[in-house]
Amino acid sequence: MTETTKTKFEFKAETKKLLDILVHSLYTSREIFLRELISNSSDALDKLRFESNKGTDIADKELPLEIRIDFDDKKNLVTITDTGIGMTRDEMIANIGTIAKSGSEEFLKQLAENKEAVNNIIGRFGIGFYSVFMVAKEVVIKTKSFKKDQNAVEWKSDGTGDYEISDLTEEIKRGTTIEVYLKDDAKEFAEKYRLEGVIKKHSNFISFPIYLKDEKVNTIAAIWREPKSSIKKEQYDEFYKFLTYDNEEPLETIHSSVDAPIQFNALLFIPKKSYEFWRFNRDDYGLDLYVRRVLIQHQNKELLPEYLSFVKGVVDSEDLPLNISRETLQENIIFTKISQSITSNVLSHLTKVAKDNPERYADFWKEHGKIFKLGYMDFSNMEKYQSLLRFNSSESKDEKELVSLEDYAGRMKKDQKEIFYALGASREAIDMNPHLEIFKSKGLEVLYLYDPVDEFVVTSIRKYKDFDFKSVDAANLKDIEKLEDVVKDEEPKEKLSKEDDKAFGRLMLKMKEILGDRVTEVHESKRLKGSPATLINPDDSMSSTMQKILKMSNQGLAMPAQKRLMEINKDHKLIINLVSVFKKNENDQFIVDTTEQLYESALLLEGSLDDPHKLVNRLNKMLTEASDLYRKNNE
């Protein structure tokens, strides 16, 4: 090789400062040097293709557009070669010899303050190439411009203070070759497995072929950038499995290409199975963000709201700047519009599935409904969110059948103003809820909520269309009583006389005295049909279920216990018998035991009884007494 016009240049002061930081201070993210060099090669190839499409007469037309990476573990050498646009001597000085972009001082400031974030901020100021000095003790660049009348040029530097530029008389082909002589502590990058891993992690979807030792590495196509009409289901499934390591095909595939007002492509998948174990490993979600096929961030958590975190996939933007940082992403208006568009697309797709294939949507809800419900605070998409909610209800044939809010609204009674719901651990538990008795007699549908988050959902969204959500234990009985009965109650075989009614009034006062501050009052029930007693929440108070949830999460420790109102069904046989006992002896121990038992049984039914020992002991005592009486009557 013959060299001519060799010239030595000093780096500018700010470049020296940058290189000093790179060489001596940064170790955690060194692999990104390869991402930056491959991205530069890809840009050079894109520019060459643009010139070719313009009809420009370019040198070495026969060369394929490609990137080749070689390594020599004995020499600790990595070589990156592209057949792109190349550089002239002047372009070499402008692009490599100095930091050409503005803002480099700000970059240095951020870099000095946050060395751990190097992989997020390198490249923002046009200095991605310099990351090579994190691993290199010397770098040699040989390049030849696509312009036929330009000589080949060599650039050489150890990154410590100066660089040399030489014209080469040696005949080389168009493009650029970068020889990276590795430091002793960076020998790992002269190994195939390490280079291949970095390429597949950061540059797997570069549109030009990348060869490592003559073996093509980026074998999976960036199918999200292809027209949907040209992609087969098998290709989508293969890509999904490659992306997620899932053995099954996805439940749903969403392929979007948007050109205006912003340009991006998205390929999203909804898995068949949920790997969500209620807050376990909750950081393992997010979409992979690419800028022009280069991975910028793995598992970006801002592209979709958390309640859609079950969605897997990639987003590729043409409009975001390459290597934009996490901090800037959150403030970038283009990124915000992309996020809004993707969220809307996912919700629209689910809406279509729910309409066209309810059984398939039921499969989705079974797996991902627990997470989807967390969207109750997404006010910008509230209409779509509400339309996608599903619940079990009193009209469902079993605990698996789901109803939408639209289904419920379509079956509402004339003049019904509210959507009623009840909470419980199971369908059987809710069916036994005394509060439901009047709803059953009036034929009013009630949503059955089994999940602790369900009450947060209905109380947060507050209403569906013009209908408020109302818990069955807080419903306005006057409005419900106006509705016609659809199930006629049997007349009780035994009723209280007028004299008994007066005793019943005194009995309720006695029961209040027995229960003390545990209840606000005891009064006659208008809602109970088959149960002797129940507990009612005061108006606008927190439900018993919500109190229990907060207590379990330790948020209710400092919260005073809410007093309840006790309702008594005077037509129930137990209460009629109790009145009879009361008339004979108002201080009979049976009245005390029965009152305590009714109160604790009501707590037990709603899941609010903290200590069942008293209830069980009292019940055993009463059963023993009853068995003695039964035995005497039958001897």
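Results, tabulated for the structure shown:
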quantity: Point-charge dipole on Cβ atoms (K/R +1, D/E -1) for the chain, about Cα centre, debye to 20; calculated: 580
quantity: Percent RCO, i.e. relative contact order, over the chain, from Cα pairs under 8 Å lying at least 6 residues apart; calculated: 9
quantity: Projected-area mean, the range 136-263, by convex hull of Cα positions, square nanometres; calculated: 13.3
quantity: Extension gain from K187 to A429, taking 0.36 nm per residue of separation minus the Cα-Cα distance; calculated: 80.6 nm
quantity: Of the trypsin sites (Lys or Arg not before Pro) in the range 586-635, those whose Cβ has at most 12 other Cβ within 10 Å and which sit in DSSP loop; calculated: none
quantity: Relative contact order (%) - criterion: Cα under 8 Å, at least six apart; region: the range 223-360; calculated: 20
quantity: Residue order, fewest to most surrounding Cβ atoms within 10 angstrom, among K373, K61; calculated: K61, K373
quantity: Over the range 389-488, relative contact order from alpha-carbon pairs under 8 Å, at least 6 apart, %; calculated: 33
quantity: Computed FRET value (nearest 0.05) for N585 with D610, which takes r as the C-beta separation and R₀ as 35 Å; calculated: 0.65
quantity: Listed residue (V198, V294, L65) projecting farthest to the positive dipole end of the chain, Cβ model; calculated: V294
quantity: Gyration tensor (Cα) of the range 441-509, equivalent ellipsoid semi-axes in angstrom; calculated: 35, 17, 12
quantity: The chain: proportion of alpha-carbon pairs further apart than 49 angstrom, %; calculated: 40
quantity: Which of K47, K200 has the fewest Cβ neighbours within 10 Å, and the rest in rising order; calculated: K47, K200
quantity: For E494, E406, order by how many other beta-carbon atoms lie within 10 Å, fewest first; calculated: E494, E406
quantity: Charge dipole of the chain about the Cα centre (unit charges at C-beta), most positive-ward option of S404, A475, A221; calculated: A475
quantity: When each of K61/K232; K366/K397; K413/K482; K442/K526 is checked by Cα-Cα distance, pairs over 23 Å; calculated: K61/K232
quantity: If the convex hull is drawn through the Cα atoms of the range 223-360, its volume per residue in Å³; calculated: 121
quantity: Proximal aspartates and glutamates relative to K614, as straight alpha-carbon distance under 16 Å, when same-chain residues fewer than 8 apart are discounted; calculated: D593, E596, E600
quantity: Dipole of the chain, positive direction: furthest Cα of Y163, V522, S339, with charges on the beta-carbon; calculated: V522
quantity: Value of Rg to Rh for the range 395-497 (Rh from inverse mean 1/r over Cα pairs, i.e. Kirkwood); calculated: 0.99
quantity: Eligible aspartates and glutamates near K156 by straight Cα distance, threshold 13 Å, same-chain separation 8 or greater; calculated: E3, E10, E138, E164, D167, E179
quantity: Pair N620, E635: separation of 7 Å Cα→Cβ label points (nm); calculated: 2.4
quantity: Set K201/K273; K463/K570; K6/K148; K75/K216; K216/K352; K142/K192 screened for pairs whose C-alpha atoms are more than 29 Å apart; calculated: K463/K570; K216/K352
quantity: Calculated [θ] (222 nm, deg cm²/dmol) that DSSP helices of n ≥ 4 give over the chain, each run adding -39,500 (n - 2.57); calculated: -11500 deg cm²/dmol
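Quick note: the coordinates plus some simple rules give every number you see, no bench work behind them. Predicted model only: the values in this text are computed from it and were never measured. Quick reminder, even Gly has a Cβ in these numbers, built from the backbone with ideal geometry, and neighbours come from all protein chains shown.
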